[in-house]
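A.B. asks: Just passing along the structure, written as structure tokens.
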Amino acid sequence: MASSIRASLIALLAAAGLAACGSGGTTAEGGQAAAKAQTRTVQHDAGTAEVPVAPKRVVSVSVTITGHLLALEAPVVASQATAPGPITDGNGFFKQWADVAAQRGVQVLYQGFEPDLEKVIAAKPDLIVGAATGADSAAKVYDKLQAIAPTVLFRHDNLTWQDLSAKLGKALGLEANATKLVETYDARIAEVKAKIKVPEQEAVLLRDNNTDIPVFTDKSAQGGLLASLGFAIHPIDASMAAESSKEGGGRTDIVNVAQENVVKAFGDSSLFFVSHSPEQIAATSAKPLWKDLPAVAGKRVHDLGLDSFRIDYYSASNIVDRIEQQFS
């Protein structure tokens with residue numbers, strides 16, 4: 001397989017060299033100037049790339065970033081996918097944007113988190129977009145991808161979907177789309193905020209992993225979303241943080257709480273479950289300690305939806321719709 005990849009890359013580079021030496025009397029300097037005029041220099045989280053001014057065939061090697069690209073109306077022709085499951089469709093695309101991908105004819109590039117360079121070559125991209133961190137990171141094969149087509153990699157774990165959309169919009173020449181997307185979302189936030197009645201209790205956003213419980217702080221995308229609608233996010237006292245929180249590398253968006261500390265850590269707060277099924281929420285609410293929480297007794301347990309873990313424009317909009325339904 002390695003020899004096949006090398007042969008494909010050599011063929012691509014040879015074709016590029018022939019194109020640069022094409023007929024018509026164009027000088028080397030003139031050809032370079034013309035090529036430069038059709039690209040823009042983009043700084044990204046893995047380096048610098050000369051990106052087409054108006055890419056026509058964008059290939060995503062990050063299933064997480066694909067949703068952001070689709071929301072920007074980028075010309076995505078193929079995307080990495082994960083396994084089919086509760087939060088993905090049969091192709092392994094996240095359900096919040098799978099219908100959009102189908103409507104636009106986005107093909108499955110490959111399934112799994114190991115980049116398949118031969119399939120990237122076969123998709124004939126003029127721009128490759130991927131993640132610089134996370135399970136779908138393409139950082140380790142960045143140089144090989146860059147040899148196939150201009151490649152930009154961005155982190156998606158340390159910024160809001162709005163900020164990531166702005167970065168992607170700038171890289172792809174879709175700044176106007178990014179601005180319009182955020183303006184549309186902000187208008188929806190204002191509309192729903194005016195409709196709902198926010199409870200007086202603070203909110204705890206969490207996942208129950210049956211070990212230490214990840215709680216999403218006001219620095220998280222989920223916490224920021226609820227805060228934008230007027231909810232007060234309950235701060236977790238530092239003394240309640242589990243030892244596993246120290247393994248997060250100083251993360252401020254999530255703090256882990258030990259199961260035995262749920263009563264002290266959560267107090268009278270309402271509970272908002274991130275990416276759980278109704279059955280999972282019911283099972284957690286029935287467990288010892290949990291069933292005695294004021295939120296459980298007072299029926300202040302809320303479901304943010306299965307798509308509420310990876311936040312993009314589509315999943316954020318779905319969460320806003322659910323909050324409107326539950327609190328209008």
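The values are calculated or read from the model by the stated rules, or taken from the named source; none is laboratory data. Computed from a prediction, not measured in an experiment: that's the story for all the values here. All Cβ positions, glycine included, derive from the backbone under ideal geometry; neighbour counts span all protein chains shown.
A.B. asks: Would you point out the residue of segment 59-77, among those that are of a type in the set (S, T, N, Q) and in contact with an Asp or Glu (Cβ under 8 Å, 6 or more places away or on another chain), that is surrounded by the most Cβ atoms within 10 Å (Cβ to Cβ)?
C.D. replies: Only one residue tops the list, namely Ser62.
Here is a yes/no grid of residues against (1) within 15 Å of Ala74 (Cβ to Cβ); (2) in contact with a Ser or Thr (Cβ under 9 Å, 6 or more places away or on another chain):
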position	(1), (2)
Val100	yes, no
Gln103	yes, no
Val106	yes, yes
Gln111	no, yes
Val141	no, no
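A.B. asks: Here is a list of conditions, (1) of a type in the set (D, E, K, R); (2) part of a loop (DSSP other than H, G, I, E, B); (3) surrounded by 16 or more Cβ atoms within 10 Å (Cβ to Cβ), and Glu114 meets all of them except one; can you say which number that is?
C.D. replies: Failing condition for Glu114: (3).
A.B. asks: Also, I was wondering about something else. Report, by residue number, each residue of segment 288-321 that is free of Cβ contacts under 8 Å to residues at least 40 places away in the same chain, surrounded by 15 or more Cβ atoms within 10 Å (Cβ to Cβ) and of a type in the set (D, E, K, R).
C.D. replies: Listed by number, the list holds a single entry, Asp303.
A.B. asks: Oh, and also: Of all helices (runs of 4 or more DSSP H) completely enclosed by segment 225-318, which ones contain at least 2 residues that are touching a Phe, Trp or Tyr at 6+ places or on another chain (Cβ under 8 Å)?
C.D. replies: Because the criterion is at least 2 residues that are touching a Phe, Trp or Tyr at 6+ places or on another chain (Cβ under 8 Å), the helices (runs of 4 or more DSSP H) in segment 225-318 that meet it are 278-285, 294-297.
A.B. asks: Sort out which residues of segment 94-116 are in contact with a strand residue (DSSP E or B) (Cβ under 9 Å, 6 or more places away or on another chain) and over 23 Å from Lys140 (Cα atoms), and write them in order of number.
C.D. replies: Phe94, Lys95, Ala98, Ala101, Arg104, Gly105, Val106, Gln107
Condition check ((1) in a strand (DSSP E or B); (2) over 15 Å from the mean Cα position of the chain (by Cα)) across all residues:
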position: Val59; (1), (2): yes, yes
position: Ile65; (1), (2): no, no
position: His68; (1), (2): no, no
position: Glu73; (1), (2): no, yes
position: Val77; (1), (2): yes, yes
position: Gln80; (1), (2): yes, no
position: Ala83; (1), (2): no, yes
position: Gly90; (1), (2): no, yes
position: Val100; (1), (2): no, yes
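Let's see how each residue does on (1) of a type outside the set (Val, Ile, Thr); (2) over 21 Å from the mean Cα position of the chain (by Cα); (3) more than 30 Å from Leu271 (Cβ to Cβ):
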{"site": "Gly173", "(1), (2), (3)": "yes, no, yes"}
{"site": "Glu183", "(1), (2), (3)": "yes, no, yes"}
{"site": "Lys193", "(1), (2), (3)": "yes, yes, no"}
{"site": "Ile196", "(1), (2), (3)": "no, yes, no"}
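A.B. asks: Can I ask one more? Does any residue in segment 180-196 that is over 16 Å from Gln222 (Cα atoms) come within less than 6 Å, Cβ to Cβ, of a residue that is surrounded by fewer than 12 Cβ atoms within 10 Å (Cβ to Cβ) and of a type in the set (Gly, Ala, Ser) six or more places away or on a different chain, and which pairs are these?
C.D. replies: If the second residue must be surrounded by fewer than 12 Cβ atoms within 10 Å (Cβ to Cβ) and of a type in the set (Gly, Ala, Ser), the pairs left are Lys195/Ser328; Ile196/Ser328.
A.B. asks: Sticking with this one: Is there a residue being part of a helix (DSSP H, G or I), surrounded by 18 or more Cβ atoms within 10 Å (Cβ to Cβ) and assigned by TED's automatic domain parsing to the domain that holds Ile281 anywhere in segment 206-221?
C.D. replies: yes
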